[in-house]
Amino acid sequence: MLDSAQLFEQAQKVIPGGVNSPVRAYKSVGTTPRFVDSARGSLIFDVEGREYVDFVQSWGPMILGHGDPDVIEAVEDQLKRGTSFGAPTLLETMAAEAVVKTVPSIDLVRFVSSGTEAVMSAIRLARGYTDREKIIKFDGNYHGHSDGLLASAGSGLVTLGIPSTPGVTKGTAADTLIAPYNDLDAVRAIFEANADEVACLILEPVAGNMGVIPPADGFLQGLRELCDEFGALLIFDEVITGFRLALGGAQEYYGITPDLTTLGKIIGGGFPVGAFGGRREIMEKLAPLGPVYQAGTLSGNPIAMAAGIAVIEKLSRPGTYEELALKGERLAAGLKGAADTAGVPAFGTQVGSMTCLYFCEGPVTDWDSASKADTELYANYFRAMLDRGYWLAPSQFEACFASLAMTELQIDEMCATAREVLKTLA
């Protein structure tokens with residue numbers, strides 16, 4: 001078997017950069033990506049047989065851990081029946097019923113194949129419903145790679161230092177208005193300067209693509225009120241936070257109901273999936289009921305639906321989110337304590353099972369403050385932790401996740417290792 005370096009060299013001959021999603025190249029952390037062979041529970045194994053505790057979880061979906069037996073059983077059962085039909089199935093209805101039952105804002109839901117597709121479709125629907133063209137998004141929020149949403153996006157763009165709009169027309173970019181996160185006054189000013197032109201405001205209710213930045217007190221409620229005042233739809237991008245912070249996502253967690261919601265990751269149980277949904281009168285503008293067109297050959301794929309139903313059923317068990325939150329708190333406190341003990345300036349954030357340790361003094365409340373983090377220190381930290389068996393995101397500006405498969409001992413050992421690593425880097 002070839003090692004990771006050899007496999008990466010082979011991949012670069014046939015795949016741009018050797019990867020199918022840019023951050024996977026490990027470019028910003030100055031090393032070669034480890035190629036994965038398998039995963040089980042809270043662990044990932046690379047092609048050389050090395051074992052890692054997984055704090056990335058395929059960028060969020062594996063909240064139950066890898067290879068959950070109930071999910072595997074549901075998938076295997078569906079595999080025997082078929083993998084794709086391009087026709088309605090009962091599984092689609094069952095998955096939709098589970099989403100409608102749990103997510104407060106959703107009366108009707110449409111399944112797609114990715115979070116990017118979900119956001120793209122939700123914004124098209126918002127424009128069709130309001131007959132307006134402009135949208136407001138926040139600096140550092142990432143909503144997938146559709147043209148109009150790459151302006152001032154977070155995640156891989158800032159990790160790799162890529163300008164936000166190459167390949168995006170000036171006309172498309174002009175319809176995207178950018179506000180600083182957690183700044184209601186700035187949002188009001190944008191609305192007032194673009195009266196009767198803004199179709200929707202979209203945001204990550206907890207920003208998970210510039211680390212983990214929670215909304216300031218009153219911020220989400222203020223956005224709800226501004227959208228109502230100016231006749232725009234409020235869209236929560238819950239591709240990360242949906243079923244992560246609560247069964248009903250961030251909107252349940254914070255008690256704020258948007259007009260539309262986008263989902264992904266967890267609702268597919270590790271398979272490609274996305275969804276968008278909202279109030280009935282808005283969703284009924286979609287074809288075949290209304291004039292806003294959206295379609296997809298693999299939308300509602302039965303394998304993804306079967307996996308998602310199994311995941312939601314397990315997450316519905318009493319005490320699940322209390323357990324996840326306790327693990328998140330333990331992880332956040334342990335990492336901040338490690339940095340403090342090592343004498344490394346750091347600011348920690350945590351919401352539920354999502355955490356981030358920024359290598360800067362803080363506080364971190366928006367992209368401007370997040371961007372002050374020491375990315376070189378993070379790269380050194382990342383490589384040292386990887387060598388010691390911890391699978392972290394290859395970017396300062398990503399979330400660190402706790403999972404149900406992860407033990408308290410694994411979290412404590414990770415934090416102890418972080419303390420020793422940071423002492424050598426201080």
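The values are calculated or read from the model by the stated rules, or taken from the named source; none is laboratory data. Because the structure is a prediction, the values reported are computed rather than measured. Quick reminder, even Gly has a Cβ in these numbers, built from the backbone with ideal geometry, and neighbours come from all protein chains shown. Only protein heavy atoms, including side chains, enter the accessible area calculation; ligands, DNA and RNA are left aside. Shrake-Rupley method; radii C 1.70, N 1.55, O 1.52, S 1.80 Å.
Here is how the numbers come out for the structure above:
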read-out: Set of lysines near residue 13 by C-alpha distance (under 24 Å), chain-local residues within fewer than 8 positions excluded; value: 27
read-out: Fraction of beta bridges assigned by DSSP in the chain that are antiparallel (%, nearest 5); value: 60
read-out: HN-Hα J in Hz across the range 210-226 - Karplus 6.51, -1.76, 1.60, θ = phi - 60°, x for Gly and Pro; value: 9, x, 9, 10, x, x, 5, 3, x, 5, 5, 5, x, 5, 4, 5, 5
read-out: Residue-by-residue Karplus 3J(HN,Hα) for the range 411-417, coefficients 6.51, -1.76, 1.60, Hz, glycine and proline x; value: 5, 5, 5, 5, 5, 5, 5
read-out: Convex hull of Cα atoms in the range 215-364, direction-averaged projection (nm²); value: 11.5
read-out: Interchain or long-range residues, amide H under 5 Å from residue 37's placed H; value: 45, 46, 47
read-out: C-alpha center-to-center spacing [the range 50-115, the range 327-397] in angstrom; value: 30
read-out: Solvent exposure of the range 1-129 as accessible area per residue, Å², 1.4 Å probe; value: 52
read-out: Theoretical gain in end-to-end length, residue 70 to residue 197 [0.36 nm per residue, Cα-Cα removed]; value: 41.0 nm
read-out: Segment residue 81-residue 425, extension gain: residue separation times 0.36 nm, minus the distance between their alpha carbons; value: 118.5 nm
read-out: Given 101/314; 170/372; 134/285, the pairs whose alpha carbons are separated by over 25 Å; value: 170/372
read-out: By average C-beta atoms within 10 angstrom, highest first, the peptides 55-67, 109-121, 369-381; value: 109-121, 55-67, 369-381
read-out: Computed label-point distance, nm, for sites residue 10 and residue 48 using a 7 Å Cα→Cβ extension; value: 1.6
read-out: Among 411-423, 79-91, the order from most to least packed when residues are scored by Cβ within 10 Å on average; value: 411-423, 79-91
read-out: Distance from the range 229-252 to the range 279-315 (C-alpha centre basis), Å; value: 17
read-out: Cα point-scatterer Debye curve for the range 316-425, base-10 log of I(q)/I(0) at q = 0.20 Å⁻¹; value: -1.05
read-out: Accessible surface of the chain, 1.4 Å probe, proportion on carbon and sulfur as whole %; value: 51
read-out: Environment charge at residue 108 (Cβ cut-off 12 Å; Lys +1, Arg +1, Asp -1, Glu -1); value: 0
